[in-house]
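Asks: There's a structure below that I have some questions on.
The values are calculated or read from the model by the stated rules, or taken from the named source; none is laboratory data. Here the structure is a predicted model, which means the values were calculated and not measured. Ideal geometry is used to build each Cβ from the backbone, glycine not excepted, and the neighbour counts take in all protein chains shown.
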Amino acid sequence: MTGPRDGRAAVRVLLVLGSSTGGVGRHVCMLARGLVRRGHRVAVAGPRATEEAFGFTEAGARFAEVPIADRPRPASDARSVARLRALARGADVVHAHGLRAGALAALALTGMPGRPRLLVTLHNAVTAGGAIGAIYRLLERIVARRADHVLVVSPDLGERMRARRARRVGPAIVPAPPLGEPTRSAAEVRQRITDLLGARGAVPGDGAAPGSAAEPERSAPPEPAGPETGGAAAGGPAPRPVLLTVARLAQQKGLETLLDAAAGPYPEDPVFVIAGEGPLRDALRARIEADGLPVVLYGWADPADLLQVAHAVIVPSRWEGQPLVVQEALRAGKPIIATRVGGIPDMVGEAAILVPPGDPAALRREIGRLLGDPALAARLAAAAAARGAALPGEDEAVESVLACYRAQRGR
């Protein structure tokens with residue numbers, strides 16, 4: 001392996017992560033790839049399933065299996081701490097991702113002579129209560145007291161770690177991957193939505209934001225029917241707006257609030273499309289069917305496929321850090337209605353409508369306002385595109401952590 005392109009000494013990095021099927025794993029793989037390309041020596045430690053899902057070795061890193069589950073398991077955790085301690089020998093920096101991985105890494109480095117510096121990136125807030133919540137608050141204190149540098153994805157996480165007397169706290173950069181080209185045509189996506197919706201009606205004839213130049217105002221005649229457009233039949237009703245939510249079907253995502261808001265009524269008769277999978281699928285389906293809601297559970301899909309037919313993106317989460325779907329919606333120039341939580345306000349600036357979490361009346365009101373005001377939708381779409389163009393990318397994320405590594409190694 002050649003050395004770094006800037007002529008400086010290579011940094012030996014051990015990246016640590018726990019169970020992940022999404023954003024954390026993609027972020028760690030992106031960092032590994034970027035660091036290797038810059039001539040640094042990278043190893044990744046985590047569950048075998050993360051290597052299978054994200055391909056760290058294909059990114060040029062060495063992979064070591066270390067079971068780190070998403071719940072405390074004392075016997076397994078003790079073995080993982082010992083394994084991490086062995087792997088950390090010879091590293092300049094251990095960079096753990098997530099609270100569980102960070103706490104186990106901190107315990108592994110405790111008392112190690114000449115130990116590596118420890119950075120921990122916190123990607124999520126603690127939202128659990130009861131005994132589980134108490135355990136996670138203990139893990140927060142371990143990370144705050146023992147990490148040399150804590151990186152956070154939102155200001156509220158930073159405040160929380162400072163209150164726990166973390167030595168050094170800074171912002172993390174967690175960019176979404178570049179938005180690729182759609183893998184399916186807009187007509188195919190619209191047809192699938194129509195099939196899933198069943199007899200509840202047709203879907204829009206194009207993917208532009210309401211009121212944009214690509215879509216006539218609601219008073220204009222609908223597009224003619226046809227397999228290439230998916231529009232309404234000639235002389236039929238105007239096409240219906242698609243309101244897109246991309247989320248794991250889990251408690252944190254606030255989907256019960258979305259279903260409350262979906263009940264409407266809305267004169268524009270929108271279709272709510274939820275893309276994702278998760279433990280709440282059956283409960284959500286039962287509620288949708290029982291209440292006859294205009295909601296489609298689409299399953300996982302390429303974001304670019306769905307964004308091309310979305311009139312707006314709805315994010316009803318109870319908490320988010322730097323959600324990939326918000327970055328993707330900004331880059332795609334889509335109007336956004338999101339909850340005022342975590343890192344969302346800083347990410348969107350003035351390019352979105354923000355509502356309180358868990359407030360279906362406020363969400364319903366703002367959806368109605370957006371659907372009924374094409375000029376507002378067009379302004380938000382333009383603001384989103386401008387904001388999206390200014391978002392940091394993968395190079396900025398890699399250079400940011402590399403600067404942290406070097407600063408810590410020089411201390």
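Asks: Only one of VAL44, VAL66 is more than 19 Å from ARG137 (Cα to Cα) and over 22 Å from the mean Cα position of the chain (by Cα); which?
Replies: VAL66
Asks: Mind telling me which of the residues LEU284, LEU293 ends up being modelled with pLDDT of 95 or more and either assigned to a helix (DSSP H, G or I) or crowded, with 22+ Cβ neighbours inside 10 Å (or both)?
Replies: Sole residue among the options that is modelled with pLDDT of 95 or more and either assigned to a helix (DSSP H, G or I) or crowded, with 22+ Cβ neighbours inside 10 Å (or both): LEU284.
Asks: Considering only residues that are surrounded by 13 or more Cβ atoms within 10 Å (Cβ to Cβ) and under 16 Å from VAL24 (Cα atoms), which ones fall in the range 44-62?
Replies: VAL44, ALA45, GLY46, PRO47, ALA49, THR50, GLU51, ALA53, PHE54, GLY55, PHE56, ALA59, listed by residue number.
Asks: Here is a follow-up. Just the residues that are under 14 Å from VAL66 (Cβ atoms) and either surrounded by fewer than 12 Cβ atoms within 10 Å (Cβ to Cβ) or touching a Gly at 6+ places or on another chain (Cβ under 6 Å) (or both), please, taken from the range 97-135.
Replies: Scanning the range 97-135 gives GLY98, ARG100, ALA101.
Asks: For the range 45-78, which positions are modelled with pLDDT under 95 and of a type in the set (Asp, Glu)?
Replies: ASP70, ASP77
Asks: If you don't mind, there's one more thing I want to ask. Would you tally the residues in the range 380-409 being more than 23 Å from GLY349 (Cβ to Cβ), crowded, with 17+ Cβ neighbours inside 10 Å and not hydroxyl-bearing (Ser, Thr, Tyr)?
Replies: 5
Asks: Filter the range 296-323 down to residues that are crowded, with 24+ Cβ neighbours inside 10 Å, of a type in the set (A, V, I, L, M) and assigned to a loop (DSSP other than H, G, I, E, B), then give me how many there are.
Replies: Count: 2.
Asks: To continue, here is another question. Regarding the range 81-96, can at least one residue be identified that is closer than 30 Å to VAL326 by Cα, out of contact with any strand residue (DSSP E or B) (no Cβ under 9 Å at 6 or more places or on another chain) and either at pLDDT below 95 or surrounded by fewer than 24 Cβ atoms within 10 Å (Cβ to Cβ) (or both)?
Replies: No, the conditions are met nowhere in the range 81-96.
Asks: Show me the helices (runs of 4 or more DSSP H) found entirely inside the range 324-387 where at least 2 residues are more than 21 Å from the chain's Cα centre (by Cα) and in the same structural domain as LEU244 (by TED's automatic domain parsing).
Replies: So the answer is 360-372.
Asks: I would also like to ask the following. Right, GLY180: over 23 Å from ARG285 (Cβ atoms), touching a Gly at 6+ places or on another chain (Cβ under 6 Å), in a loop (DSSP other than H, G, I, E, B) and modelled with pLDDT under 95 or not?
Replies: No, not satisfied.
Asks: Condition first: among the charged types (D, E, K, R) and under 16 Å from the mean Cα position of the chain (by Cα). Now tell me which residues in the range 292-307 satisfy that.
Replies: If the condition is that a residue be among the charged types (D, E, K, R) and under 16 Å from the mean Cα position of the chain (by Cα), then ASP302 is the only one that fits.
Asks: Please go through the range 1-19 and pick out each residue that is of a type outside the set (Lys, Arg) and modelled with pLDDT of 90 or more.
Replies: Hits for the range 1-19 are ALA10, VAL11, VAL13, LEU14, LEU15, VAL16, LEU17, GLY18, SER19.
Asks: Ok, one more. Please find, within the range 250-264, the residue that is nearest to GLU277 (Cα to Cα) out of those that are at pLDDT 95 or above and aliphatic (A, V, I, L, M).
Replies: LEU255
Asks: Taking the range 331-379 only, how many residues are surrounded by fewer than 18 Cβ atoms within 10 Å (Cβ to Cβ) and at positive phi?
Replies: Result for the range 331-379: 2.
Asks: Here is a follow-up. Which residue out of ARG89, ARG73 is in the same structural domain as ARG146 (by TED's automatic domain parsing) and under 15 Å from LEU14 (Cα atoms)?
Replies: Only one candidate qualifies: ARG89.
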